[in-house]
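Since the structure comes first, as structure tokens, the remarks are kept for the end.
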Amino acid sequence: MLQVQVLRDSRESVLSGLAKRGIKNAATLVDAVIRQDDLRKETQRKLDELKSQSNLAAKNIGELMKSGKQEEAAALRNAVASGKEEIKNLESILSEASESLTRALYAIPNVPHEKVPAGTSSKENIVVHEHGTIPTLHTGALPHSELIKKYDIIDFELGVKISGAGFPVYKGKGAKIQRALINFFLDQAHAAGYREIQPPIVINEASGYGTGQ
């Protein structure tokens, strides 16, 4: 998920990147985020200022009471009560603005690398490197999507029921291959000098969105 400051500081490059992805209303999406962030900041400023005034007034009430100035203390107490209502209202506005800002950010996809060509399908992809010889498949060869069903090694439908799209269930040899690949790449990373880390398996909503899941 893009950060608000990135949209502010690099607006044109963000719009250019989104245009590559065929996002026609990119400017509208970005401007909506900035407007919501402006509202959030201004509301926060007013709220902080009002809370500071309220705290100061509460302190003054105590001093007035000690000095025997009951009427002045009562008047200031009424003003503080009115201020608390305004604080409550601003807190509600701030909460709604923050939620609206988050939703607006969710609507903006990540920006592709500057080397990525513009396009909306695989037809616009550029071949950067090829290795080996492309095999000629025999008659009746099945695509991987059918092979996994034939040998019952990956179950996408069950994965959707359990965790949602993008989380398949690996079964039998499919699970063994998955585990072997994980170990292989961890070993490769270790050999390259990386330190292995085991992060929490269960993540929260913010972690999911932040990593594009």
Find how much the distance from Lys176 to Gln70 grows on full extension, using 0.36 nm per residue of separation minus their present alpha carbon separation; answer in nm with one decimal.
-> 30.2 nm
Extending each Cα 7 Å along its Cβ direction at Ser145 and Val116, get the distance between those two points in nm, one decimal.
-> 2.2
With N residues in region 111-212, Rg(alpha-carbon) / (2.2 N^0.38 Å) equals 1.43
Ignoring ligands and nucleic acids, Glu49 exposes an accessible area, probe 1.4 Å, in Å² to the nearest 10, of 90
In whole angstrom, the spacing between the Cα centers of region 19-43 and region 128-199 equals 37
Tell me which residues come under 5 Å, amide H to amide H, from Phe167 once H is placed; ignore anything under 5 positions away on its chain.
-> none
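Based on the Cα coordinates of the chain, what is the per residue volume of their convex hull in Å³? Walk me through the numbers on the way to the answer.
Details: hull volume 51.8 nm³, N = 213.
Per-residue hull volume (Cα only) is 243 Å³.
Any chance you could list the semi-axes, whole Å, largest first, of the equivalent ellipsoid that the Cα gyration tensor gives for region 1-60, using √(5λ)?
Listed largest to smallest, the semi-axes of region 1-60 are 38, 9, 6 Å.
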Given labels modelled 7 Å from the Cα in the Cβ direction, how far is it in nm from Phe156 to Glu49?
-> 5.5
HN-Hα couplings for region 40-56 via Karplus (6.51, -1.76, 1.60; θ = phi - 60°), in whole Hz with x for Gly/Pro, come out as 4, 5, 5, 5, 4, 4, 4, 5, 4, 5, 5, 5, 5, 5, 5, 5, 5
Per residue, how many Å² of accessible area does the chain show with a 1.4 Å probe?
-> 77
Tilt relative to the chain, helix 11-20 - C-alpha long axis, 0 to 90 degrees, to 10 = 30
With no solvent and one equal point scatterer per Cα, compute the Debye intensity ratio I(q)/I(0) for region 1-103 at 0.23 Å⁻¹ and report its log10, rounded to two decimals.
-> -1.10
Just the Kirkwood number for region 153-213, please: inverse of mean 1/r across all distinct Cα pairs, in Å, one decimal.
-> 13.7
For Lys51, which lysines qualify as cross-link partners when the Cα separation must be under 18 Å and same-chain residues fewer than eight apart are set aside?
-> Lys41, Lys59, Lys84, Lys88
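The values are calculated or read from the model by the stated rules, or taken from the named source; none is laboratory data. Bear in mind that the values here come from a model prediction, so they are computed numbers and not experimental data. Neighbour counts run over all protein chains shown; Cβ positions are idealised from the backbone, glycine included. Only protein heavy atoms, including side chains, enter the accessible area calculation; ligands, DNA and RNA are left aside. Shrake-Rupley method; radii C 1.70, N 1.55, O 1.52, S 1.80 Å.
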